[in-house]
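Shown next, in structure tokens, is the structure this report addresses.
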Amino acid sequence: MSDGTGGSSSRSHAEDLRTLLADEGGWDDITASLREDAKRLPRGAMVHGPRFSLYEAMSALEIMDAKMDPGMDPGDAHKDHPALKGADTEAKIDLSKPEILAVMDRLVACLVAWCNGAMFCHTFLTCKYVQEDGKYLSNPQFPPVLKTFITGMLKLCKEIRGVILKADIFEEEDFVPSTFDKSLCESKPDRMAILEIETMMAQLDLKQQGAQGGKDEGPGAQDLDKALSSRLELVRGLWLMHQSLAERKHEEAKALIAKVEQSLKNVRVTQKFSSGATTYGFDVNLARTIVPHHPPRIVNLPNQIQTTLFFLNLTKHLKRLLCIGVKVQNLEHIIEYLQGLSVDSPGILARSHCLLMLHTEEKFMGRASLAAFCRTSFMRFSPTFALADKDPDMKLLMDRVAKPICLVLRLFCDNRARQRRKIGKLLLDWGILQQDSMVLDKRVQNKMDKEGIPMSIPAIGLPSKLPCFGWVFDQTLNLLQQHILLSFELELFSPREFAPAYWYWER
């Protein structure tokens with residue numbers, strides 16, 4: 001009998017199990033062995049069968065369990081995490097130059113993680129110098145070079161956030177724009193912040209010259225000052241580079257990209273000075289003080305090599321984007337160019353710049369309206385379009401076509417994993433355009449037949465007979481091909497679907 005609590009029932013089941021094992025024989029108790037094996041599992045690892053899914057995992061964990069309930073205190077769960085080993089989570093004021101370099105490099109890694117989709121509170125706001133900047137940056141004993149660097153980093157974050165929000169193509173896995181009410185130094189004028197960075201770099205250069213003249217502050221002081229200056233130059237270059245691209249100052253942006261790449265080389269050479277230093281002032285649990293309902297989470301920050309590769313890839317994609325105006329002249333080439341760029345899977349920052357460089361509200365590629373580019377594309381597609389272009393409804397069709405084309409351009413700037421789903425929605429608009437363009441072509445064709453002007457050119461076929469429909473249908477087929485290619489790339493087809501997919505592709 002149960003007492004209502006389930007305790008008697010549990011004891012009876014345990015006794016029945018022991019009796020069964022004793023009666024049948026041949027059974028060995030392996031509980032102790034399993035406990036020993038469990039101790040050897042690393043944190044977060046588990047042993048489960050192939051059918052064990054998230055549903056079973058959530059059902060197996062109780063409410064108030066720290067693994068599932070974000071409101072539970074993580075305690076010392078993160079004390080052994082590599083990000084905190086050798087680090088003093090208490091902020092230190094009198095930092096040595098290697099320690100300042102370590103903090104700088106950690107903040108640059110936070111910037112890369114944030115641009116790759118990590119939350120602001122899990123990256124920058126794990127640094128007490130950033131989260132409590134009013135307390136530390138106003139302290140006269142705080143290192144001026146680190147204060148200038150942090151101000152520059154916040155200004156850079158503001159510029160990056162503005163570019164991504166303006167392009168508005170990010171998904172939740174690409175970028176989290178919220179700064180959790182953290183000020184990004186909006187109150188300080190940009191020119192003043194730039195002047196502070198340049199003044200600090202000039203002071204460090206004077207120290208290097210003093211070291212060369214025999215007034216050395218100690219062993220390696222000249223190299224340490226050079227390392228500090230290179231990081232300030234990197235932040236300044238990145239900030240001005242994004243600012244120039246946003247303002248469409250392409251020639252200035254090219255020069256700044258070259259400076260950023262040179263700064264990256266200088267940073268790589270001096271990374272050895274911060275590799276063994278303690279990183280003060282970081283605590284991964286600080287995010288819980290800002291957003292208490294968020295679960296305890298460790299963000300795996302990129303190492304120095306990964307950080308450098310991120311910026312090199314960014315500059316590579318930006319240099320390619322700046323060549324669009326020179327190498328790409330028509331709409332077909334632009335779409336082909338964006339398809340190739342999408343295959344390389346650039347980050348959200350490069351994709352946002354790409355979209356902003358291509359299209360503004362007034363002009364496309366800084367030249368003419370998108371409808372004018374579409375009209376030129378129609379003329380290149382069919383030699384008989386000039387006859388249809390005389391129809392009074394043609395301008396209305398060009399304006400209507402411009403919007404789906406704009407969505408196609410945005411499509412190739414989107415996250416590649418999301419493109420397939422969006423193509424399915426775009427095809428509905430293109431289906432309506434096919435019907436409308438067919439009606440327009442038929443009307444033009446009847447008019448030309450009455451006037452005795454032939455619309456059909458046998459050597460060309462459909463594009464000459466139905467110029468508007470042929471162009472719209474061709475764009476629709478390109479989207480369908482992209483849909484199938486993405487299905488293969490995302491491994492959405494099962495092996496038994498390969499044959500129908502290839503058959504459809506060949507049609």
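Would you mind counting up the charge near Leu137? Only other residues with Cβ under 12 Å from its Cβ, with Lys and Arg at +1 and Asp and Glu at -1.
That works out to +1.
Given a cut-off of 26 Å, name the pairs among Lys403/Lys442; Lys155/Lys316; Lys254/Lys403; Lys403/Lys450; Lys166/Lys249 whose C-alpha atoms lie farther apart than that in the structure shown.
Long pairs (Cα-Cα over 26 Å): Lys254/Lys403; Lys403/Lys450.
For region 229-306, which GluC sites (Glu not before Pro) pass both filters: DSSP loop (anything but H, G, I, E, B) and at most 14 other C-beta atoms within 10 Å?
Qualifying residues, ordered by number: Glu247.
Along the Cα-to-C-beta direction of Leu407, a point sits 7 Å from the Cα; which residues of region 340-355 have their amide N less than 19 Å from that point?
355
Under a 5 Å amide H to amide H cut-off, with H placed in plane at 1.01 Å, what residues pair with His359 once short-range neighbours are removed?
Met365
I'd like the Karplus ³J(HN,Hα) series for region 430-436: coefficients 6.51, -1.76, 1.60, θ = phi - 60°, whole numbers in Hz, and an x wherever there's a Gly or Pro.
5, x, 5, 5, 4, 5, 5
Using 0.36 nm per residue, how much length does the chain from Thr289 to Met438 gain when fully extended, once their Cα-Cα distance is taken away?
Contour length minus Cα-Cα distance gives 47.5 nm.
Which value does Rg/Rh take for region 89-136 over its C-alpha atoms, Rh per Kirkwood?
0.99
Could you check the spin-label model distance between Leu195 and Glu491? Points 7 Å from the Cα along Cα→Cβ, value in nm.
My value for the distance between the label points is 5.7 nm.
Want the number for Ala499 to Arg416: 0.36 nm per residue separation, take away the alpha-carbon distance, what's left?
Value of the extension gain: 27.4 nm.
Contour minus end-to-end for Asn303 and Asp399, with contour as 0.36 nm per residue of separation and end-to-end as the Cα-Cα distance?
Computed gain between Asn303 and Asp399 is 29.7 nm.
Give the calculated FRET efficiency between Ser96 and Lys188 to the nearest 0.05, with a Förster radius of 30 Å applied to their Cβ-Cβ distance.
0.65
For all pairs of alpha-carbon atoms in region 351-407, what percent lies in each bin of width 5 Å, listed from the first bin to the last filled one?
Pairs per bin, as whole percents: 4, 18, 25, 24, 14, 9, 4, 2.
What net charge do the residues around Glu36 carry, taking every other residue with its C-beta under 15 Å from that of Glu36, with Lys and Arg at +1 and Asp and Glu at -1?
Here the count lands on 0.
Evaluate Rg over Rh across region 92-186, taking Cα atoms for both radii and Kirkwood's formula for Rh.
My calculation puts Rg/Rh at 0.99.
Read-outs throughout are calculated quantities, based only on the coordinates presented, and are distinct from any laboratory measurement. Keep in mind that this is a model prediction, so the values were computed, not measured. Glycine also receives a Cβ, built like all others from the backbone with ideal geometry; neighbour counts cover every protein chain displayed.
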